[in-house]
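Here's the structure, in structure tokens; my notes come after.
The values are calculated or read from the model by the stated rules, or taken from the named source; none is laboratory data. Worth saying up front: this structure is predicted, and the values here are computed from it rather than measured. Reconstructed Cβ throughout: ideal geometry from the backbone, glycine too, with neighbour counts over all protein chains shown. What goes into the accessible areas is simple: the full protein's heavy atoms, side chains included, and nothing from ligands, DNA or RNA. Shrake-Rupley method; radii C 1.70, N 1.55, O 1.52, S 1.80 Å.
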Amino acid sequence: RRVLEAAKRANQTGHFIWMGSDSWGSKISPVLHLEEVAEGSVTILPKRVSVRGFDRYFSSRTLDNNRRNIWFAEFWEENFHCKLSRHALRKGSSIKKCTNRERIGQDSSYEQEGKVQFVIDAVYAMGHALHNMHKNLCPGKVGLCPRMDPVDGVELLKYIRNVNFSGIAGTPVTFNENGDAPGRYDIYQYQIRNSTPEYKVIGQWTDHLHLKVENMLWPGGGSQLPSSICSLPCKPGERKKLVKGIPCCWHCERCDGYQYQLDEFHCKRCHFNERPNENHTSCTPIPIIKLEWSSPWAVVPVFIAVLGIVATLFVVITFVRYNDTPIVKASGRELSYVLLTGIFLCYATTFLMIAEPDLSTCSLRRVFLGLGMSISYAALLTKTNRIYRIFEQGKKSVSAPRFISPASQLVITFSLISLQLLGVCVWFIVDPSHSVIDYEDQRTTNPHFARGILKCDISDLSLICLLGYSMLLMVTCTVYAIKTRGVPETFNEAKPIGFTMYTTCIVWLAFIPIFFGTSQSAEKV
């Protein structure tokens, strides 16, 4: 009853289908004023019949002729709503004193208790068992013999389980190997028809179930059977997590992250180059992306590179046109062409960096990524070193220093460049160039946004090592630029070179932390 009250307080009327044992049976008290909550409940009661003669016997019982029953006085007070003792009466109370003239069935309502036949059968079962035990252990003797004094309870239990007689209702009384009597039950359902609640017999159990489904009604008066399951089927992409000890009940757990549903009870992680589909029932390849020519990250560098190449070619054409003029010769014509070649390669490398990575593209990247800067800085270093040696030698003597001719300058420059090429060749031998697909860099928490990046197999450390030689040339050139800052005003080439190297150092100092600081960003590609 309290469970029904709790369901009513929780506003769960009609939500539950209650199953009641024979303790509930067809009683009114558990459902009184809770009829709507209890509607549709299914209960059972052992099959029973009214014992003839018991009503007449019981209704004739009084306090005088039933003193042997120590609980009868308490039943008398409860049944007739009176008190046997004056001291139990309270002032102002509506409870009266019992007169002993009350009669069961006349001064109170009476209905035979349904379990009377079972109590009678139980007594007879004990009687039959003792009779059979006495007949076997004490044959021909009256009263208890030594073998039954005292009675062995274990032995008596065997005789009880072996009894077989016809009970008070005419049904056989027997017990199985577990000591249970055969089950014979009436099945009831608490129904509300035309606003009138009642217990209606809908079936019975005698060895097997006989159920009249067509006679059943459910909350709301419908005849449609409610779903009778512990757990709903799991959705696609969910695995069953069984409830311990209840194989028919489970919880559904989503295969999350990069997992997919392997079978009914297990999730499995997709291969490193795959991700689960929308409902996590299988794996699909992770999309491969690369830097596209239409991307803003490509359009802007290409635009700047094109401007740089145009400007570089304009200077080259100008130099060629005025190749034999004094100003071109005075500026170091040969090293200027080398310097312009390096600048051109720096701009042209932009297109290699954007092109689709493959064996040839990755190989060319290794060669030209550091080569353009090595050529540029080698030419500048040779030029600043030449200026420095000329003025340092001039402080000591009037003779010209060695290796200041154009041919010598070219030899020094190409020697410096060859070191860069030698390093690249060693790199090719140790680690051959190839393209890779990086699935870790863009492995997001949400698999839907996961991407594989097609790129060349050049690590951040390898890239810095590749450019390290160029940085060494740049720093050395900057040192010479500082040393030649005091040359005469008429020799004005040293100061623009110095200014160039100062700004280059600042740019490189900014580039290195930015490069490593954004190495894990989403736009690293």
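Odds and ends about this structure:
- Taking all protein chains into account, the per residue accessible area for the range 296-523 stands at 56 Å² (1.4 Å probe).
- Solvent exposure of the range 238-285 amounts to 68 Å² per residue of accessible area, where only protein heavy atoms count and the probe is 1.4 Å.
- No disulfide-compatible partner, judged by a Cβ distance under 4.7 Å, exists for the following cysteines of the chain: 248, 346, 425, 465, 477, 505.
- Å² of accessible area per residue within the range 64-150, as computed with a 1.4 Å probe and no ligands counted: 77
- Span-like helix ranges in the chain, DSSP H, alpha carbon extent 15 angstrom or more, Kyte mean at least 0.0: 116-137, 296-321, 333-354, 359-396, 406-430, 460-483, 494-517
- Relative contact order (percent, whole number), the chain, Cα cutoff 8 Å, 6+ residue spacing: 9
- Carbon/sulfur fraction of accessible area - the range 115-167, other protein chains in place, 1.4 Å, %: 62
- Cα→Cβ-extended label distance, 7 Å offset, between residue 28 and residue 242, nm: 4.8
- Label corresponding to mean projected area of the Cα convex hull in nm² when calculated from the structure given, among (1) 39.4; (2) 28.0; (3) 57.0: (3)
- Carbon/sulfur fraction of accessible area - the range 296-523, other protein chains in place, 1.4 Å, %: 72
- Residue-averaged 222 nm ellipticity for the chain, from DSSP H runs of 4+ at -39500 (n - 2.57), nearest 500: -14000 deg cm²/dmol
- On full extension, the segment bounded by residue 390 and residue 425 gains 9.1 nm, given 0.36 nm per residue less the C-alpha separation.
- By a 1.4 Å probe calculation restricted to protein chains, residue 427 has an accessible surface near 40 Å², given to the nearest 10.
- Annotation: amide H of residue 267 within the under-5 Å range of 262, sequence separation 5 or more or interchain, hydrogens built in the peptide plane.
- Per-residue extension of 0.36 nm, minus the Cα-Cα distance of residue 307 and residue 201, leaves a gain of 28.5 nm for this segment.
- Under the combined filter of DSSP loop state and at most 15 neighbouring Cβ atoms within 10 Å, the range 291-384 retains these chymotrypsin sites (Phe, Trp or Tyr not before Pro): 293, 322.
- Greater than 26 Å apart at Cα, pairs in 27/91; 8/200; 241/268: 27/91
- Once backbone amide H atoms are built at 1.01 Å from N, residue 242 has 251 as its partners under 5 Å, excluding neighbours fewer than 5 places away on the same chain.
- The label-point distance for residue 256 and residue 223, in a model that sets each label 7 Å from Cα toward Cβ, rounds to 4.8 nm.
- Set of lysines near residue 455 by C-alpha distance (under 22 Å), chain-local residues within fewer than 8 positions excluded: 290, 524
- Candidate aspartates and glutamates for bridging to residue 329, where Cα separation is under 16 Å - those fewer than 8 sequence places away on the same chain excluded: 493
- Net lengthening on full extension, residue 81/residue 284 (0.36 nm per residue, minus Cα-Cα): 65.1 nm
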